[in-house]
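Peer 1: Please find one structure pasted underneath; my questions will follow.
The values are calculated or read from the model by the stated rules, or taken from the named source; none is laboratory data. Because the structure is predicted, anything quoted here is derived from the model rather than measured. Using ideal geometry, Cβ is built from the backbone for each residue, glycine included, and neighbour counts are taken over all protein chains shown. These area figures cover heavy atoms from the full protein model, side chains too; ligands, DNA and RNA do not enter into them. Shrake-Rupley method; radii C 1.70, N 1.55, O 1.52, S 1.80 Å.
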Amino acid sequence: MTEDVRKLPAGFGRLWTAQTVSSLGDGVMHAALPLLALTLTRDPMALAVVTAAGTLPWLLFGVLGGALVDRWDRRRTMAVADTARAVLLAIPAVAAVLDVLSIPLLAAVAFLLALGGLFFDTAATAYLPDLLRRDPALLERANSRLRGAQTAMSGFAGPPAGSALLALGRAVPLLADAVSFAVSAALVRTLPAMPRPVPEVRESLLRQARAGARYVFRNRLLLGLALRPAVGNIAFLAVETVLALFAHDRLGIDTYGFGLLLTAEATGGLLGAGIASSLGRRLGTGTALTCTAAAEGLAILGLAAAPNPYFAGLALAVCGAGMGATMVLAPSLRQAIVPAHLMGRVASTSRMLAMCAAPVGAFLGGWLATTYDIRTPLYAAAVLLLAMTAITASMTSNRRIEAALRAAAPAGSPDHPASKNPVHESAPDPS
């Protein structure tokens, strides 16, 4: 992926603004929703139900949602999803005003918000490569900006804003998030229309969903890209499950200090997103992905051995930087090489694998900490990340990526295989 000085199209600015506003609303709800639940109950299991409800849509409907997105107009799907979420939030807001808010209602809202997010995120992922003509360099620049804004809004600005708005009234953060979705929907409707993918032979939704999943599992490059977040989520959730206890018991960090510790990770994430394109150009995308994965594993190892809070904060910042860069490079590559008619299904399959892995990591972290020691989940996570790095390095090598990019290049372009060797009408499968 060579350096490209061309400007991003004007439509991208509107998409970026829409997702930035929406991410701010997500950050508000990330803090406000559990705090709202806390005003209703102190039962840990009831609180867990609200949290778990937000993960279920990806587990239940991830691949099917991707198949639907591949049938629908992507721009309209994004607009409808955000409009629906804006209307949905009016229900708990009214319930809060009438003092009839309940845990089951909050759980249902969390589930439906996540379901809307599934369709919006999948459609946005599939729309972006069409908007940018599948240009690899532009996709990296675009994803870097999107990821940076998402981290800044949902990780920095949103949560404290959610806590402050909740102090003004229980309905206030809900209404603020509804406004963010309404603004996002209005902006999405102004985006340029893109041709819908050429329809496949009419098949059942389930058969199309399976076809998308098979496409991922049969392509070694796409499988390698999908394994990184899946295995990574097992490791990171194992760490996250015990991180607060580890920080308190081993590092002597109080509640305020723990917030600063998480801010260090978010700061690293912003840095990683900002330098991702540069890393990809200097090292090659495959080598850059291997380096960022190794950095994450070594950072978690450093966190486990951290002698003080400062070293722990540095380790989390390095881990966040690796994650931020990975979450720019990997989606950009996927968007550049996957055919338009499969983009929704491939994206949702990869996301579903990552979401399914998260509960495994949470259980693993709790079990290791209970059975052995509070540091054990961190050491296990580091070993898992480094093993994953070694296994997937050849699957996402520079050579394999270059072959996939050549195969995906538009017919007639200098990079298309047929332009270099007219004898062959199609490129070999890089898998």
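Peer 1: Pull out a ≥ b ≥ c, the square roots of the eigenvalues of the alpha-carbon gyration tensor of the range 319-391, then state rounded if a/c is under 1.5, prolate if not and a/b is larger than b/c, and oblate in the remaining case. List each step's numbers first, then the result.
Peer 2: On the way: a/c = 3.31, a/b = 2.06, b/c = 1.61.
Here the range 319-391 falls in the prolate category.
Peer 1: While we're here: For the range 80-209, go through all pairs of different Cα atoms, get the mean of 1/r, take its inverse, and jot down that Kirkwood value in Å.
Peer 2: 17.2
Peer 1: Right, here's the next one. Would you rank TYR127, TYR310 by solvent-accessible area, highest first, keeping every protein chain in place and using a 1.4 Å probe?
Peer 2: Listed by decreasing accessible area, they come as TYR310, TYR127.
Peer 1: Something else: Can you give the FRET efficiency to the nearest 0.05 for ALA244 and ARG133, using r as the Cβ-Cβ distance and R₀ = 45 Å? Mind dumping the intermediate values first?
Peer 2: Values: r = 45 Å, r/R0 = 1.01.
It comes to 0.50.
Peer 1: Still on this structure: Per the Debye formula with a single identical scatterer at each Cα and no solvent contribution, what log10 I(q)/I(0) holds for the range 325-366 at q = 0.32 Å⁻¹?
Peer 2: -1.04
Peer 1: When the accessible area of the chain is split by element with a 1.4 Å probe, what percent falls to carbon and sulfur?
Peer 2: Result for the chain: 66 percent of the exposed heavy-atom area is carbon or sulfur.
Peer 1: With every protein chain present, what is the per residue accessible area of the chain (1.4 Å probe, Å²)?
Peer 2: So the chain comes to 45 Å² accessible per residue, rounded to a whole number.
Peer 1: Which three extents, in whole angstrom, do the alpha-carbon atoms of the range 1-152 cover along their principal axes, largest first?
Peer 2: Taking max minus min along each principal axis of the Cα atoms, the range 1-152 gives 54, 32, 25 Å.
Peer 1: Could I ask something else about it? ALA52 to ARG282: FRET efficiency via 1/(1 + (r/R0)^6), r the Cβ-Cβ distance, R0 45 Å, to the nearest 0.05?
Peer 2: Efficiency computed from Cβ-Cβ geometry: 0.60.
Peer 1: Excluding ligands and nucleic acids, what accessible area in Å² is computed for PHE119 using a 1.4 Å probe, to the nearest 10?
Peer 2: 40
Peer 1: Probe radius 1.4 Å, ligands and nucleic acids left out: which of TRP367, TRP58 has the largest accessible area, and how do the rest follow? Numbers along the way, then the final one.
Peer 2: Numbers: TRP367 120, TRP58 15 Å².
The ranking, largest first, comes out as TRP367, TRP58.
Peer 1: Helix hunt in the chain: which complete DSSP H runs extend at least 27 Å axially by C-alpha with mean Kyte-Doolittle at least -1.0? Could you put the intermediate results ahead of the total?
Peer 2: Values: long enough: 10-38 (43 Å, 0.80); 74-97 (35 Å, 0.86); 103-131 (41 Å, 1.60); 220-249 (42 Å, 1.27); 255-283 (40 Å, 0.72); 285-304 (29 Å, 1.28); 309-337 (42 Å, 1.18); 343-371 (42 Å, 0.86).
Going by DSSP H runs, the hits are 10-38, 74-97, 103-131, 220-249, 255-283, 285-304, 309-337, 343-371.
Peer 1: Something else about it: Given the rule -39500 (n - 2.57) for each run of at least 4 DSSP H residues, summed and divided by the residues of the chain, what is its mean residue ellipticity at 222 nm, to the nearest 500 deg cm²/dmol?
Peer 2: Calculated mean residue ellipticity at 222 nm is -26500 deg cm²/dmol.
Peer 1: Quick one: which of 106-118, 164-176, 65-77, 342-354 comes out on top by average Cβ neighbours within 10 Å, and what's the full order, highest first?
Peer 2: Highest-to-lowest ranking by the protection proxy: 342-354, 65-77, 106-118, 164-176.
Peer 1: On the principal axes of its Cα set, how long, how wide and how thick is the range 236-295? Give whole Å, largest value first.
Peer 2: So the extents along the principal axes, rounded to whole Å, are 42, 20, 15.
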